[in-house]
Amino acid sequence: MENTYLIEFKDFSNQEGHLTPIENCRDIPFEIKRIYYITKVKPGIRRGFHSHRKLCQVLIAVHGSVKILVKNPFEEQIINLASPIQGLFIGPMVWREMYDFSEGSVLLVLASEYYDESDYIRDYECYTRESNEFYLEI
Ligand code: TYD
């Protein structure tokens, strides 16, 4: 789908456990300005319900699993993030919803910009209007 794709990270595994390194601008396609993580999400909770105008993010289920719905006015996809060596890149103007967080799951998010509420589009009708223009231009 436009502006979303999976990234496979390195995996150094042995009897002592698993290690995954992520290097700025090398393993992900932008400079990381911010990280945050989502934990302790109760069963049945759905989060997200927004798009960003400029922000790029990579989402990683570092523990457990979480489903991510990504959509634009023309296509829609559900990705089951369930591996710490996999990241989901989400670029600008992609609507996202996160749900089915497994118990104890940790969703790590790497972001290309500092937090800026004005970059969010939280109303789906506004998103449809703005994204129609965005996708017609690219
Ligand atoms: P929000 O982005 O709405 O979370 P989600 O999309 O996962 O439901 O953020 C929830 C709250 O946290 C909101 O009040 C803004 C705040 N917040 C920050 O202050 N800094 C951040 O980097 C993020 C991601 C959120």
Task: Nearest 10 degrees, 0 to 90: helix 124-137 Cα axis against the chain principal axis - done: 90
TODO: Whole number in Å², please: accessible area per residue of the chain, 1.4 Å probe, ligands, DNA and RNA not counted.
DONE: 59
- [ ] Show that you can apply the helix-only estimate: for the chain, add -39,500 (n - 2.57) for every DSSP H stretch of four or more residues, divide by all residues, and state [θ] at 222 nm to the nearest 500.
- [x] -3500 deg cm²/dmol
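Report the charge-dipole magnitude of region 28-128 in Debye, nearest 20, computed about the Cα centre from +1 at each Lys and Arg Cβ and -1 at each Asp and Glu Cβ.
Result for region 28-128 is approximately 240 debye, rounded to the nearest 20.
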Open item on the list: Charges on Cβ only, +1 for Lys and Arg, -1 for Asp and Glu, centred on the Cα centroid of region 44-134; of SER102, THR128, PRO92, which one is farthest towards the dipole's positive end?
Closed with: SER102
Open item on the list: Taking 8 Å as the Cα distance limit and 6 or more residues as the minimum spacing, I'd like the relative contact order of the chain as a percentage.
Closed with: 33
Task: Carbon/sulfur fraction of accessible area - region 28-123, other protein chains in place, 1.4 Å, % - done: 52
Open item on the list: Could you order the peptides 125-135, 11-21, 33-43, 103-113 from most to least packed, using the average number of other C-beta atoms within 10 Å per residue?
Closed with: 103-113, 125-135, 33-43, 11-21
Task: Debye intensity ratio in log₁₀ form over the Cα atoms of the chain, taken at each q of 0.12, 0.14 Å⁻¹ - done: -0.48, -0.65
Task: Sequence of VAL62, VAL70 from largest to smallest accessible area, 1.4 Å probe - done: VAL62, VAL70
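The values are calculated or read from the model by the stated rules, or taken from the named source; none is laboratory data. Note that the structure is predicted; figures quoted are calculated from it, not measured. No Cβ is skipped: glycine too gets one built from the backbone with ideal geometry, and neighbour counts run over all protein chains shown. Just so you know, the surface numbers come from the protein's heavy atoms only, side chains and all, with ligands and any DNA or RNA stripped out. Shrake-Rupley method; radii C 1.70, N 1.55, O 1.52, S 1.80 Å.
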